[in-house]
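The values are calculated or read from the model by the stated rules, or taken from the named source; none is laboratory data. None of these values were measured; they are calculated from a predicted model. So basically every Cβ, Gly included, is an ideal-geometry build from the backbone, and we count neighbours across all protein chains shown. Calculation scope for accessible area: heavy atoms of the full protein, side chains included, ligands and nucleic acids excluded. Shrake-Rupley method; radii C 1.70, N 1.55, O 1.52, S 1.80 Å.
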Amino acid sequence: MEFQKSQTSNRYRLLVRSEADVKALRQSEKTRQIASVIKKDMEKWKFDTIVLDAGHGGKDPGAVGLKGTREKDVVLNIVRDLGSIIARKWPGVRVVYTRKDDRFIPLHERGKIANHEGGKLFLSIHANANNKRSIRGAEVYILGPHKTKSALDVAMLENAVISQEVDSEERYKGFTQEHLIMSTMAQNAFVRQSTSLAQEILRPIDRSSTINGRGVRQAGFMVLWTPSMPSALVEVGYISNPQEEKILRDRQEQTKIAYRVFQGLEVYRRNYEASRLAAMER
């Protein structure tokens, strides 16, 4: 202990020195740094942004039913309803739309929007079609090489829109089967989450008495190649099937479908956040 007189006043300062506990200080600083890293990691993986993609739009009507029901209109209504449900149920989650009105968005731009907005999940909504009008049911796809011809047919149907894009031949010339495999490998970090997402979304649709699910599948959908996050494409039903077209064009049924998709998202989010919390506690 010592006294010091101020050079500018008549006041004295009392200085008390003690030996610092270096070990404790280091441990305290280490704890602070660890907490800072954990906080940043939690923020990075926080389930705070969902990107919803309504397929087709504008000059691209998508599939058209016998009654003239257009896929682009059906899926836009479902996406809007789903976004509204999310906003109401999860006020802390931001909803980003690749399109909120009847406009044409190139496939490669949809994934870019998702990445730019920092999405934690990308969900593309479509309605299916087939020359065999008896085929019906919902399907959910994740990115990967097709394992059945029917999966390939669906992907080719949805990918056909690129023919309407400017400079499509130049822009997509590298999108070969080899590129698909490489893109799938690059998204390996999200495969488990994408599969879980697809399964959880399909379950409530399966329970529906109006649309029977046809399973979770893999295929090379170009819209799923770009997003760097868990991603899935939902075919809500077959617009080419007369019975399902009647359901899909009904505004109340569209809202019901949106709510069933949300029910799947609820389970996925609960499992996602539980797994992240468990990982942080290890």
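Before moving on, here are some points about what is shown:
- Computed with a 1.4 Å probe over protein heavy atoms only, the accessible area of R133 comes to about 110 Å².
- Probe 1.4 Å, all protein chains present, accessible-area order of D53, D102, D81, largest first: D102, D81, D53
- Cross-link pairs exceeding 24 Å between alpha carbons, from the set K67/K89; K100/K120; K67/K112; K89/K112; K72/K112; K59/K256: K67/K89; K67/K112; K89/K112; K59/K256.
- Rolling a 1.4 angstrom probe over the protein heavy atoms with all chains in place gives the stretch 37-129 an accessible area of 43 Å² per residue.
- Packing rank of 198-204, 267-273, where each peptide gets the mean count of other beta carbons within 10 Å, highest leading: 198-204, 267-273
- Over all other residues within a Cβ to Cβ distance under 9 Å of E266, the charged ones net out to +2, with Lys and Arg as +1 and Asp and Glu as -1.
- Remark: spin-label model distance R11-K112 equals 6.2 nm, labels positioned 7 Å along the Cα→Cβ axis.
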